[in-house]
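Chemist: So that we are looking at the same thing, I have put the structure below in structure tokens.
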Amino acid sequence: MIPISRLAASVKPSATLAAGAKAKALKSSGVKVYDFALGEPDFDTPLHIQKAAAEAASRGETHYTPVNGIPELKTAICQWYSQYHGFTCKPEQVIVSNGAKQSIHNALAAVCDPGDEVIIPTPYWVSYSDLVSMTGAIPKLVTTTAEASFKITPAQLKEALSPKTKIFMINSPCNPTGITYTREELAALAEVLLPTNVTILSDEIYEQLTYDGVNPTCFATLKPELQDRTITVSGASKSYAMTGWRMGWAVAPKHVVDAMGTIQGQETSCPSSISQHALLAALSGPQDCVAQMREEFRKRRDFVCEKLAEIAGITFPKPNGAFYVFFNVQAFFNRQFGNTFVTDSLSFCNACLEQAHVSLVAGSAFGQEGYARMSYASSIEELAGGIAALKKWLQG
Ligand code: PMP
Ligand code: GLU
């Protein structure tokens with residue numbers, strides 16, 4: 001038998017992808033499943049983006065590209081930051097990757113040494129802790145509370161800093177909570193980091209999905225002194241409904257981008273050539289498709305919040321970004337549901353899938369016990385059916 005490495009054995013499978021696969025397996029056995037597990041827009045990629053990719057393929061743009069991405073795309077990314085965030089960067093500071101997940105991996109691998117500490121506010125997106133651990137660095141989880149809308153406070157950040165802190169990771173709007181930090185709140189965190197030499201890794205992938213007039217903040221624009229220490233990550237999966245195209249990017253000081261490029265060149269040679277042309281069309285083409293999808297998500301957010309709030313025992317801070325609600329399910333612990341005695345978020349979510357056929361992701365996957373995440377990237381009809389099934393199951 002071929003032995004499995006310590007690295008491979010220590011990495012956990014992505015809990016969101018696993019929950020999505022479990023729901024799909026149940027569906028394929030003929031059961032009607034309300035699948036709210038995976039954070040993936042249900043919309044098709046807008047047509048003009050699909051067309052740009054098809055045209056690129058027929059033009060013969062089917063070869064390896066430069067490792068960090070094609071020049072016209074890196075320029076378009078710079079223009080996008082200038083237009084939407086007033087952030088000036090140069091193409092040499094941009095690296096395009098096969099998804100924001102690869103951008104985060106590249107960034108962590110380029111900056112972290114074994115034993116370094118990476119501060120991660122919790123709940124956090126599933127993959128952060130494993131991606132950190134894969135570099136040999138140590139995730140330092142800082143638990144936030146629902147009362148504080150799951151936002152890390154400047155005092156908590158200060159307390160978590162140590163001489164070993166290499167990176168502070170921040171994700172706003174946040175997966176799994178759907179909460180967006182205000183510019184002032186991020187500026188207060190930036191203030192704490194000013195006198196340190198800590199690098200900031202800001203995952204802004206949901207930046208175009210904010211509601212209630214909330215403006216997303218690009219962390220790199222907060223303080224000029226921090227620009228040289230900030231790595232900004234974003235991507236097309238969420239805003240342009242492009243999960244399968246695998247397009248993400250990072251903007252960072254040139255020497256960091258060079259290091260990330262060296263790693264990427266050895267791992268995947270370059271990002272997908274055809275997808276890069278699709279992303280170019282997404283960023284430089286009409287943006288009304290994003291506005292339409294945002295408005296649809298906003299309606300769903302309102303619907304889901306109203307309906308969930310009607311279920312006794314479920315509480316949550318109202319999300320104002322991304323497409324998730326992260327709700328407290330502790331009222332249902334230490335109770336019998338069918339043949340399951342629910343004791344924690346995982347047994348709750350497993351029983352919910354098996355008995356109510358509603359697929360959620362356990363809070364423990366995001367480092368926060370006692371909660372469940374619902375993705376509302378589904379039609380209102382599906383959401384209505386699923387929440388009704390959840391309510392019926394919980395209220396017996
Ligand atoms: N960051 C966050 C917070 C996410 O939710 C996701 C979801 N996939 C990613 C990064 C990675 O996205 P992708 O690799 O599809 O660009
Ligand atoms: N980011 C999405 C989620 O949290 C997609 C799955 C994944 O990449 O983990 O569900």
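Chemist: Provide the per-residue ³J(HN,Hα) series for the stretch 267-272, in order, calculated from phi with Karplus coefficients 6.51, -1.76, 1.60 and θ = phi - 60°, each as a whole number of Hz, with x at glycine and proline positions.
Modeler: For the stretch 267-272, the Karplus curve yields 8, 10, 6, 6, x, 3 Hz.
Chemist: Given a 1.4 angstrom probe, I'd like the percentage of the accessible area of the stretch 306-396 that is carbon and sulfur, rounded to a whole number. Can you show the working numbers first?
Modeler: Values: 1680 of 3400 Å².
Summing carbon and sulfur atoms, their accessible area is 49 percent of the total for the stretch 306-396.
Chemist: Under 14 Å from a point placed 7 Å out from the Cα of S284 along the Cα-to-Cβ direction: which residues of the stretch 38-82 have their backbone N that close?
Modeler: 49, 52-53, 56, 70-81
Chemist: If you don't mind, there's one more thing I want to ask. Would you kindly find the accessible area of S202, with a 1.4 Å probe and non-protein molecules such as ligands, DNA and RNA excluded, rounding to the nearest 10 Å²?
Modeler: Looks like 10 Å² after rounding.
Chemist: Quick check on the stretch 95-230: take the gyration tensor over C-alpha atoms, sort the square-rooted eigenvalues as a ≥ b ≥ c, and tell me if it's rounded (a/c under 1.5), prolate or oblate.
Modeler: Taking the square roots of the gyration eigenvalues as a ≥ b ≥ c, the stretch 95-230 is rounded.
Chemist: Let me make sure I get this right: for the stretch 229-377, a, b and c are the square roots of the gyration tensor eigenvalues over alpha carbons, sorted descending. Under 1.5 in a/c it's rounded, otherwise prolate if a/b > b/c, else oblate. Which is it? Before the final figure, lay out the partial values.
Modeler: Details: a/c = 2.64, a/b = 1.83, b/c = 1.45.
Prolate, since a/c reaches 1.5 and a/b exceeds b/c.
Chemist: What are the ³J(HN,Hα) couplings of the stretch 113-119, residue after residue, when phi is run through the Karplus curve with 6.51, -1.76, 1.60 and θ = phi - 60°? Round to Hz, x for glycine and proline.
Modeler: Whole-Hz 3J(HN,Hα) from phi for the stretch 113-119: 10, x, x, 5, 9, 10, 7.
Chemist: To continue, here is another question. Give the separation of the Cα centroids, the stretch 153-227 to the stretch 376-390, in Å.
Modeler: Here the answer is 32 Å between Cα centres.
Chemist: Let me ask another. Normalised by the empirical 2.2 N^0.38 Å for globular proteins, what value does the Cα Rg of the chain take? Before the final figure, lay out each step's value.
Modeler: Numbers: Rg = 20.8 Å, N = 396, 2.2 N^0.38 = 21.4 Å.
For the chain, the normalised Cα radius of gyration is 0.98.
Chemist: Just grab the label-to-label distance for S347 and A21, each label 7 Å out from Cα along the Cβ direction, in nm (one decimal).
Modeler: Modelled inter-label distance: 2.5 nm.
Chemist: Counting DSSP beta bridges in the chain, what percent are antiparallel, to the nearest 5?
Modeler: Here the share of antiparallel DSSP bridges comes out near 50 percent.
Chemist: Relative contact order (percent) for the chain, with alpha-carbon contacts under 8 angstrom and 6 or more residues of separation?
Modeler: Working: 763 pairs, mean separation 91.3, N = 396.
It rounds to 23 percent for the chain.
Chemist: Moving on. Just the number: Rg to Rh for the stretch 155-308, Cα atoms, Kirkwood Rh, two decimals. It would help to have the intermediate numbers written out before the result.
Modeler: Working: Rg = 17.3 Å, Rh = 17.4 Å.
Rg/Rh: 1.00.
Chemist: With every protein chain present, what is the per residue accessible area of the chain (1.4 Å probe, Å²)?
Modeler: That works out to 41 Å² for each residue.
Chemist: I would also like to ask the following. Pairs of Cα atoms under 8 Å, at least six residues apart: use those to get the relative contact order of the stretch 131-183, whole percent.
Modeler: Result for the stretch 131-183 is 25 percent.
Chemist: In nm, give the distance between the simple-model label positions of T88 and E225, each being 7 Å from the Cα along the Cα-to-Cβ direction.
Modeler: Using points 7 Å along Cα→Cβ, the separation is 2.1 nm.
Chemist: Moving to a separate point now. For the stretch 245-296, just say rounded, prolate or oblate: build the C-alpha gyration tensor, square-root its eigenvalues into a ≥ b ≥ c, call rounded for a/c under 1.5, and beyond that prolate if a/b exceeds b/c, oblate if not.
Modeler: On the way: a/c = 3.02, a/b = 2.06, b/c = 1.47.
It comes out prolate by the Cα gyration axes.
Chemist: Using θ = phi - 60° and the Karplus relation 6.51 cos²θ - 1.76 cosθ + 1.60, list the HN-Hα couplings for the stretch 78-94 in order, rounded to whole Hz, with x at every Gly or Pro.
Modeler: Result, rounded to whole Hz: 4, 5, 4, 5, 5, 5, 8, 10, x, 9, 9, 9, 9, x, 5, 9, 10.
Chemist: Further question: Once label points are set 7 Å from the Cα along Cα→Cβ at both K32 and T315, what is their separation, rounded to one decimal in nm?
Modeler: 3.4
The values are calculated or read from the model by the stated rules, or taken from the named source; none is laboratory data. From a predicted model like this one, the values you see are computed outputs, not experimental measurements. Using ideal geometry, Cβ is built from the backbone for each residue, glycine included, and neighbour counts are taken over all protein chains shown. SASA here: full protein model, heavy atoms, side chains in, ligands and nucleic acids out. Shrake-Rupley method; radii C 1.70, N 1.55, O 1.52, S 1.80 Å.
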